[in-house]
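This report refers to the structure that appears directly beneath it.
The values are calculated or read from the model by the stated rules, or taken from the named source; none is laboratory data. Computed from a prediction, not measured in an experiment: that's the story for all the values here. All Cβ positions, even for glycine, are placed from backbone atoms using ideal geometry, and neighbour counts span all protein chains on display.
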Ligand code: OAD
């Protein structure tokens with residue numbers, strides 16, 4: 001059966017039975033807020049060269065240019081708000097026992113939408129890191145100075161606390177995301193082209209370990225054929241609909257079992 005929104009009822013029921021869920025997100029979840037994605041027709045990497053802007057070598061060669069790239073992106077992000085997709089993800093905490101948001105995004109919009117339990121795989125644009133001592137600071141200045149400022153402790157240059165190409169992911173974030181991917185009942189893969197590793201392997205890790213994996217994207221991706229289902233459409237439309245259907249499905253099963261108002265029991269997926 002298909003719901004009026006086109007989301008199959010059996011998918012809703014399988015998700016509704018999940019206790020522990022991971023929402024794995026990429027740039028597409030912030031697209032409807034007005035934050036540009038990286039790939040695709042209007043993606044940033046169509047206009048700019050990642051090697052000139054998002055590598056350690058680029059920063060060593062021209063720190064001012066790289067700093068201005070982050071200034072440009074901070075100015076965009078500071079002018080936008082979380083969208084209904086972020087909001088629906090935050091509200092999932094009221095529906096599932098365990099929700100972990102694993103994001104490749106550095107924009108901080110999941111936090112602003114009220115999600116807890118967020119794992120940031122690629123860092124956060126609102127922090128800076130000392131290039132020598134690796135100390136991390138909250139760094140919200142916007143617009144940024146023309147040159148990267150110097151660390152107040154040691155005088156070395158600060159850099160954005162984000163992961164650049166060729167750099168490893170922060171160990172604790174990667175370990176946590178791998179652990180929840182291995183143990184979750186279901187994973188929603190939202191708005192990622194699934195092309196950047198190792199992050200892109202997480203849906204496959206989840207699938208391999210028995211999770212029900214559903215992708216939400218405006219287009220099919222390289223992992224579409226390897227997971228359970230892809231819902232094609234904007235995250236800001238599909239996620240609120242999906243959440244409503246799951247909530248209604250949970251309410252129905254509580255009514256049927258006479259447990260309305262009590263603690264919801266999950267059978268796992
Ligand atoms: P991409 O820009 O590669 O992919 C964005 C995905 O979002 C695409 O698959 C789009 O089809 C999809 N999309 C666009 N609008 C959408 C919408 N409204 N709803 C749902 N899906 C939508 O972004 P990421 O996969 O996040 O890394 O990119 C991964 C990493 O590559 C980024 O974290 C960044 C980038 O280079 C670093 O900077 C290290």
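Report yes if some residue within the range 115-133 is without any contact (Cβ under 8 Å) to a residue 24 or more places away in the chain, part of a loop (DSSP other than H, G, I, E, B), at positive phi and not assigned by TED's automatic domain parsing to the domain that holds residue 249; otherwise report no.
no
Out of (1) assigned to a loop (DSSP other than H, G, I, E, B); (2) surrounded by fewer than 22 Cβ atoms within 10 Å (Cβ to Cβ); (3) within 11 Å of the ligand (Cβ to nearest atom), the odd one out for residue 200 is which?
If we test residue 200 against (1) assigned to a loop (DSSP other than H, G, I, E, B); (2) surrounded by fewer than 22 Cβ atoms within 10 Å (Cβ to Cβ); (3) within 11 Å of the ligand (Cβ to nearest atom), just (1) comes out false.
Select from the range 36-68 the residues that are surrounded by 13 or more Cβ atoms within 10 Å (Cβ to Cβ) and within 10 Å of the ligand (Cβ to nearest atom) and list them in ascending order.
Matches in the range 36-68: 36, 37, 38, 39, 40, 43, 44, 45, 50, 53, 54, 55.
Which is away from the ligand (no atom under 16 Å from the Cβ) and surrounded by fewer than 16 Cβ atoms within 10 Å (Cβ to Cβ), of 137, 96?
137
Output the number of the condition that residue 25 fails; it satisfies all remaining conditions of (1) more than 10 Å from the ligand (Cβ to nearest atom); (2) assigned by TED's automatic domain parsing to the domain that holds residue 88.
It fails just one condition, (1).
Read through the list (1) part of a helix (DSSP H, G or I); (2) within 14 Å of the ligand (Cβ to nearest atom); (3) in contact with a strand residue (DSSP E or B) (Cβ under 9 Å, 6 or more places away or on another chain), then give the number of the only condition that residue 111 fails.
(2)
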